[in-house]
Amino acid sequence: MSLIDTARTWVYTASVKGRFQRYHRWSGALLQAFFFVTPWVSVGGHPAVQIDIPGRRLYALGSVFTPTDTLLLAIMGLFSAFALFLFTAVYGRLWCGYACPQTVFLEEWVRPIEKFFEGERGVRMARDKGPLTVDKAWRKAGKWGSYLVLSAIVALTFVSWFSGARDLWSGSGTFLGYSMTAAFTALMFWNFAWFREQFCNFLCPYARFQGVLSDEKSLVVTYDETRGEPRKGSGACIDCGKCVAVCPQGIDIRTGFQLECIACARCVDACQIVMDKRGEPNLIGYGTLSGKRDVFRPRTLVYASLLTGLAIAFITVLVTRHSVDGFVVRAPGTTYTTDENGWIRNTYLLRLTNHDNHTEHWDVTVSGLPETTEVLAPAITLEGAQTVTVPVVVRVPPGHLSAQSVPLSVVVHSHDDELSLSATFMSEGG
């Protein structure tokens, strides 16, 4: 198959049962439960997990992350990347075969729907080669209609991770939310109805660079050529073609390892059925290209070391993280003002964001200036995940400052936490 092909080479996938397909069912059920249920779960009055792009917030199990948590988010991203690198180096493309959303929805919904309306592989192939009939038309319409409903449900759920699920599903969501839902519905319908395995072959970035991440000791699906060949002769392979018929990528594993293989093990289960009837060991299974299994090798040890360091860094930053974060800036267009009694006045804007889901009260003081300094600032009450901006006025009596610029700290404190923010007090000096 080539990117420049003008005709779609359709892959007709046969059904298969077996041990690894049961693993698919279990992993698929767990992943779908996480995907569909999580947007509806709340912790402390906020979503358990939500990526609020307009509000520039990430809600995660009772915590709130904002742009000021760039370091934490960067560590999380790096940890996820190196965890994927380590997993690929050890287990190959098992992510693609068992956990990728593309595989999960194709295996658990798309292909069963197709089989329900159009029958098994041979029946589908024969019907598609025949003329358009009423029977063929209603089956196609039923299948595509089901795909459209499935696409809409998946799209609504996906957008719910970024917008409130209850508002979106009840019809009170935003125009942007429903526009994105419509766009994702169309995209997913196109994928389910036509694009399918081409996504893995041509668009998926992981499929492109996984060859660099794995080596000859990574786990892949392999064919025992020594026992199997020559086919229909002295070899154990009877060339039944079932391993090809069940492959969702349309490849023949017997020709050697191929980049298109997603390690789903459908061919393993298909071959197992045939070889069990013959009383012989399976010709296809998980193995390594080198024939040796070595988890502890330089590549994996480097990835594991990096993951350990990132985990320590994440825990350290998270433990030392304040429950509130923010910044202080000088009020726009101002430096300092001299009051009628000679006091020097500086006005600042203090912006605070609560990282917790509970309400907290904060007071504002300053340090670094004379004890006679006056601070005019309101008491601040922050609800869970709330952001507020308040004015802070700092006044210093005349004759107490010898420099035009004096560093100070705006201190925000509650009953169990304290945050110090740097600023500068400006005056005429002398």
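None of the figures in this text is laboratory data; all of them are computed from the coordinates on show. What you are looking at is a predicted structure, and each value in this text was computed from that prediction instead of being measured. Positions of Cβ are backbone-derived with ideal geometry, glycine not excepted, and every protein chain shown enters the neighbour counts.
What is the set of long-range amide H partners of Val366 at a cut-off below 5 Å, with H atoms built 1.01 Å from backbone N?
Here Val411 satisfy the definition.
Starting from the 7 Å offset along Cα-to-Cβ, what nm value, one decimal, do you get for the label separation of Val319 and Leu73?
Between Val319 and Leu73, the simple spin-label model gives 2.5 nm.
Give me Met275, Met188 ranked fewest to most by other Cβ atoms within 10 Å of their Cβ, as a rough exposure proxy.
Met275, Met188
Please give the length that would be gained between Leu301 and Asn341 if that part of the chain were fully extended, namely 0.36 nm times their separation in residues minus their C-alpha to C-alpha distance (nm, one decimal).
Here the answer is 7.5 nm.
When ranked by the protection proxy of mean other Cβ atoms within 10 Å per residue, highest first, what sequence do the peptides 309-321, 339-351 form?
339-351, 309-321
Work out the FRET efficiency for Ala186 and Ser42 from their Cβ-Cβ distance, taking R0 = 30 Å, and round it to the nearest 0.05.
Numbers: r = 30 Å, r/R0 = 1.01.
Rounded to the nearest 0.05, the efficiency is 0.50.
Got a sec? Which residues in the range 383-416 would a label at Glu371 touch, if it sits 7 Å along Cα→Cβ and we count backbone N under 19 Å?
It comes to 395-402, 409, nothing else.
List the aspartates and glutamates whose Cα lies under 15 Å from the Cα of Lys242, skipping any in the same chain that are fewer than 8 positions away.
Glu120, Asp252, Asp269, Asp276
Quick one: length gained pulling Arg19 to Val329 fully straight, 0.36 nm per residue minus the C-alpha distance?
That works out to 105.4 nm of additional length.
Evaluate the charge dipole of the range 87-203 about its Cα centre and quote only its size in Debye, nearest 20, assuming +1 on the Cβ of each Lys and Arg and -1 on the Cβ of each Asp and Glu.
Numbers: 13 positive and 9 negative charges, 70 e Å.
The calculation lands at about 340 debye.
Given the options Gly285, Ala89, Leu73, identify the residue whose Cα lies farthest towards the positive end of the charge dipole of the chain (+1 on Cβ of Lys, Arg; -1 on Cβ of Asp, Glu).
Final value for the positive-end residue is Gly285.
Which value in deg cm²/dmol, rounded to the nearest 500, describes the helix-derived mean residue ellipticity at 222 nm for the chain, given -39,500 (n - 2.57) per DSSP H run of n ≥ 4 and division by the residue count?
Per the formula, -12000 deg cm²/dmol.
What are the semi-axes of the equivalent ellipsoid of the chain, taken as the square roots of 5 times the eigenvalues of the Cα gyration tensor, listed largest first and rounded to whole Å?
In descending order the semi-axes read 61, 27, 17 Å.
Calculate the FRET efficiency for Asp167 and Leu132 from the Cβ-Cβ distance with a Förster distance of 45 Å, rounded to the nearest 0.05. Can you show the working numbers first?
Working: r = 43 Å, r/R0 = 0.96.
The calculated FRET efficiency here is 0.55.
How high is the relative contact order of the chain, in percent, with contacts defined as C-alpha pairs under 8 Å that are six or more residues apart? Working shown, then result.
Values: 642 pairs, mean separation 68.7, N = 430.
It comes to 16 percent, rounded to a whole number.
Report, ordered by chain and residue number, the lysines lying within cross-link reach of Lys217, taken as a straight Cα distance under 25 Å and ignoring same-chain residues fewer than 8 apart.
Counting by Cα, and skipping residues close in sequence, Lys217 has these lysines nearby: Lys292.
Between Gln258 and Lys232, what is the label-to-label distance in nm when each label sits 7 Å out along the Cα-to-Cβ direction?
2.0
Scanning the chain for helices, which whole DSSP H stretches are 30 Å or more long along the axis (Cα) and average 1.6 or more by Kyte-Doolittle?
70-91, 298-319
Please work out the Cα center distance from the range 263-289 to the range 313-365, rounded to the nearest Å.
Going from one Cα centre to the other spans 64 Å.
Report relative contact order for the range 208-336 in percent, whole number only (criteria: Cα-Cα under 8 Å, sequence separation at least 6).
About 27 percent, as a whole number.
Can you order the peptides 253-264, 277-288 by their average number of other Cβ atoms within 10 Å per residue, highest first?
253-264, 277-288
Mind checking the dipole of the range 324-426: about its Cα centre, +1 per Lys or Arg Cβ, -1 per Asp or Glu Cβ, Debye to the nearest 20?
Dipole of the range 324-426, to the nearest 20 debye: 520 debye.
Taking the dipole about the Cα centre of the chain, with the C-beta of Lys and Arg at +1 and of Asp and Glu at -1, give me whichever of Gly250, Gln210, Val390 is farthest to the positive side.
Gly250
Highest first, please rank the peptides 399-406, 297-304, 323-330 by the mean number of other Cβ atoms sitting within 10 Å of their residues.
323-330, 297-304, 399-406
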